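Read through the structure below, which is laid out as structure tokens, and then see the notes.
The values are calculated or read from the model by the stated rules, or taken from the named source; none is laboratory data. Because the structure is predicted, anything quoted here is derived from the model rather than measured. Ideal geometry is used to build each Cβ from the backbone, glycine not excepted, and the neighbour counts take in all protein chains shown. Just so you know, the surface numbers come from the protein's heavy atoms only, side chains and all, with ligands and any DNA or RNA stripped out. Shrake-Rupley method; radii C 1.70, N 1.55, O 1.52, S 1.80 Å.
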Amino acid sequence: MRSFITLLLFVLISFSINAQSLIGAWENYLTSEDNEELKNVVIFTDGYYSSTTFNAKTGEFIKTHGGAWKLNGNVLTQHLEFNSTNSFSVGNQENHKILITETEVKFPLNNQRLKRIDKGEPGKLQGAWLMSGRVKDGKTELRDSDGPRKTMKILSGTRFQWIAYNTETKQFMGTGGGTYTTLDGNYTENIEFFSKDNTKVGLNLKFNYKLKNGDWNHSGFSSKGDPINEIWSLRE
């Protein structure tokens, strides 16, 4: 009887661990060779992820990679679509054994641990989106989001990141990200890193947004002060 109870407890614990979801945002902190504190933020949405490292104090961008992912038992499979430091890895598949709890993801092979930031809530725009059009002079101009050149914006419940890249040429063109809120029709970004211009770190950008026929309509002013009116479509 005792052995049966022990086995039952083991099964229940194993099921509980495996039932945990990666969806949301995670973080850990590293120390650079110059003894600078670095922050690593990983966002998982349904089917897509991004992982970015930047200076925790200054926001200086260090590196990013991401693409598609799936979880089979305790094996995380990642298919790279972009990599800012190693373009040759784009298109490759990587497998990692992981252990998931309610608050932590462990990578036993390299002893890496990620702490949970959120579970994909409360942001109304959680997901991976592709730039699919713009509105200029009142006219909508659509673009093919299935092509190799992509601008993706990936959001957890509290974190966001945009990435511009090309899966055919394996070129990484830029990224930026931080925290965000959605309130009363306003989408507000708080920039924590920006690969092209570190002076943008600390900016708060407010946009009007609405969801229409499943698309995200996004208007306001860019970090350069230029007016924008964009259409984003959720990735499938």
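Below are the figures for this structure:
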| item | result |
| --- | --- |
| Tabulated pairs, the range 184-200, first within 15 Å of K153 (Cα to Cα), second of a type in the set (F, W, Y) and open to solvent by 30 Å² or more (accessible area, probe 1.4 Å), C-beta under 9 angstrom, 6+ apart or interchain | Y187/Y209; F193/F61; F194/F61; S195/F61; S195/F172 |
| Single match in K196, K212 (criterion: over 29 Å from E27 (Cα atoms) and either among the basic types (K, R) or open to solvent by less than 40 Å² (accessible area, probe 1.4 Å) (or both)) | K212 |
| Out of T58, T53, sole residue that is in a loop (DSSP other than H, G, I, E, B) and closer than 17 Å to G176 by Cβ | T58 |
| Conditions (1) free of Cβ contacts under 8 Å to residues at least 24 places away in the same chain; (2) crowded, with 20+ Cβ neighbours inside 10 Å; number of the one not met by T175 | (1) |
| Residue, surrounded by the most Cβ atoms within 10 Å (Cβ to Cβ), within the range 52-70, restricted to residues that are closer than 18 Å to R235 by Cα and out of contact with any helix residue (DSSP H, G or I) (no Cβ under 9 Å at 6 or more places or on another chain) | G66 |
| G157 part of a loop (DSSP other than H, G, I, E, B), at positive phi and either open to solvent by less than 40 Å² (accessible area, probe 1.4 Å) or out of contact with any Ser or Thr (no Cβ under 8 Å at 6 or more places or on another chain) (or both) | no |
